[in-house]
Each structure stands twice: as C-alpha cells, then as structure tokens.
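Take a look at the structure below.
The values are calculated or read from the model by the stated rules, or taken from the named source; none is laboratory data. Keep in mind it's a predicted model, so treat the numbers as computed, not measured. For neighbour counting, all protein chains shown are included, and Cβ atoms are generated from backbone atoms with ideal geometry for every residue, glycine included.
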Amino acid sequence: MSKIKFVYLDLGNVILNFTHQIMVDNVAEVASVDAALVQKHMFDNDLENRYETGLLNSQQFHEEFCKLAGAKCDLEEFLNACGDIFWLKSDIVPVISQLWTANMPLGILSNTCEAHFDAAKRNFHVLGHFFDTEITSYQSKSMKPDAKIYADAIAAVGVDAGSIFFTDDRPENVEAAVKAGMDAVVFESAGQLTRELMNRDILIG
C-alpha cells in the first residue's frame, strides 16, 4: 500500500498547455492597442505578477492596464481575452482518470490568476470533474516557490506533507515542495509521471 494519500498536480504545462502570447494578442484586439504595448504593460513590469499573486483583483487589474495602456475596453471581454490561453494536454487525462478511479484525492496547486483559472475551469471539464482541492497563487497570495503556498496546500488536505505527492514542470517549484516535506518530482511527460506513480504504488500496472 502506498504511503501517498493525496496527489497535487500543477496546472500549466502539466494538465493544460498555454502561451502568454495568446493573451497578449487577444488583449491587443479587444483593447485596440498594439501587442507590443500589451506585452510592455502586462509582462515587462509587474502587473501580471501582482494579479497572479492576488495583490490586484480582476477589476483592479483591468483598470490599471487600461490606465497604463491608454485603452478602453469592456471588463468581461478583457478578462475573457486574458483567460483564453489554454489547450488540453490530452495524454495526461488517462493518468488523472486512473488516479480518480483508484480513489486517490486530487488537487491543483498552481501559480495562476483569477481570469486564467476561471477560463480553465469553464473550458475544460477535467478540472471540475476530477479535482476537489484548488490551491492557487492569487487566492493564497503567495506564488511557488514561496513557502506559504505549500503550507496552504498541506493544510488544505489534512494529511502529513510526506503523504502528499506533487508534480510541476519547474524544478525550483519541485525543490520547494520537497523542502516543505512533500514527495515531489519534475514533470516531463504523462508516461514519466505514470512511472513515478507506479513506483510509489499509487497506480498499479
């Protein structure tokens, strides 16, 4: 029997692929400004980072962007443009389904903002169907690899850190999870993750 009692997965590049360039292009269209201006004000300063860390709510993020870019656009259209950046990593779905069938509790542990997470849950049934726990940077007001978000993730599931498995595509986030006491590995592929889960007797071959 595995000692693992809970599995957290990162969202971006583990469950969903994404690119911020789509966000830049979408916002440029709805705000009627040049894409380079969107890139400058969202990503070349700390605007998106503050939104992702929960220092700005969605309305504040919209208002500050419009002020910086000299733009006018509808809040809902703007948030939809920001959020529609994902496509599903289809080969991870069978792995998630196997975990769920094995009655392994599942959670998402992700650096993400409200617009992105709302859009992801709206567009991808897999998130709402299989995952019961959601720990996001904008809600935690802490971003991986900061210690607080891992403490929040551990506290949310009520088991010892050593009984939690976590995978993330960024090595620094995995290192921080290990430091917090979790069993964590860098995500490379669905096949590699399956092998890691089987090695821990979480999935049975």
Report task. Please work out which one of (1) β-branched (Val, Ile, Thr); (2) touching a strand residue (DSSP E or B) at 6+ places or on another chain (Cβ under 8 Å); (3) assigned to a loop (DSSP other than H, G, I, E, B) is the condition Val174 fails and give its number. Result -> (3)
Query raised in the report: Out of all the residues in segment 67-80, is one or more of a type in the set (Asp, Glu) and either within 30 Å of Leu193 (Cα to Cα) or under 14 Å from the mean Cα position of the chain (by Cα) (or both)?
Result: no
Requested in this report: Could you tell me which residue of segment 34-63 is farthest from the chain's Cα centre (by Cα), considering only residues that are surrounded by 19 or more Cβ atoms within 10 Å (Cβ to Cβ) and not in a helix (DSSP H, G or I)?
Outcome: Leu56
Report task. Can you tell me which residue within segment 134-173, out of those that are of a type in the set (Val, Ile, Thr) and in contact (Cβ under 8 Å) with a residue 60 or more places away in the chain, is nearest to Ile85 (Cα to Cα)? Result -> Ile135
Report summary line: Residue hits (segment 127-153; of a type in the set (Gly, Ala, Ser) and at pLDDT 95 or above) are Ser137, Ser140, Ser142, Ala147, Ala151, Ala153
Query raised in the report: Looking at (1) among the aliphatic types (A, V, I, L, M); (2) in the same structural domain as Ala176 (by TED's automatic domain parsing); (3) over 30 Å from Gly158 (Cα atoms), which is the only condition Leu75 fails?
Result: (2)
Query raised in the report: Which ones in segment 103-151 are of a type in the set (Val, Ile, Thr) and within 11 Å of the chain's Cα centre (by Cα)?
Result: Ile108, Thr112, Ile135, Thr136
**Report entry** Residue within segment 1-19 that is surrounded by 14 or more Cβ atoms within 10 Å (Cβ to Cβ) and over 28 Å from Phe130 (Cβ atoms) present
**Finding:** no
**Report entry** Where Leu106 falls short, out of the listed (1) within 30 Å of Leu197 (Cβ to Cβ); (2) among the aliphatic types (A, V, I, L, M); (3) not assigned by TED's automatic domain parsing to the domain that holds Thr133
**Finding:** (3)
**Report entry** Segments classed as helices (runs of 4 or more DSSP H), wholly inside segment 64-159, with at least 2 members that are surrounded by fewer than 18 Cβ atoms within 10 Å (Cβ to Cβ) and among the polar types (S, T, N, Q)
**Finding:** 93-101
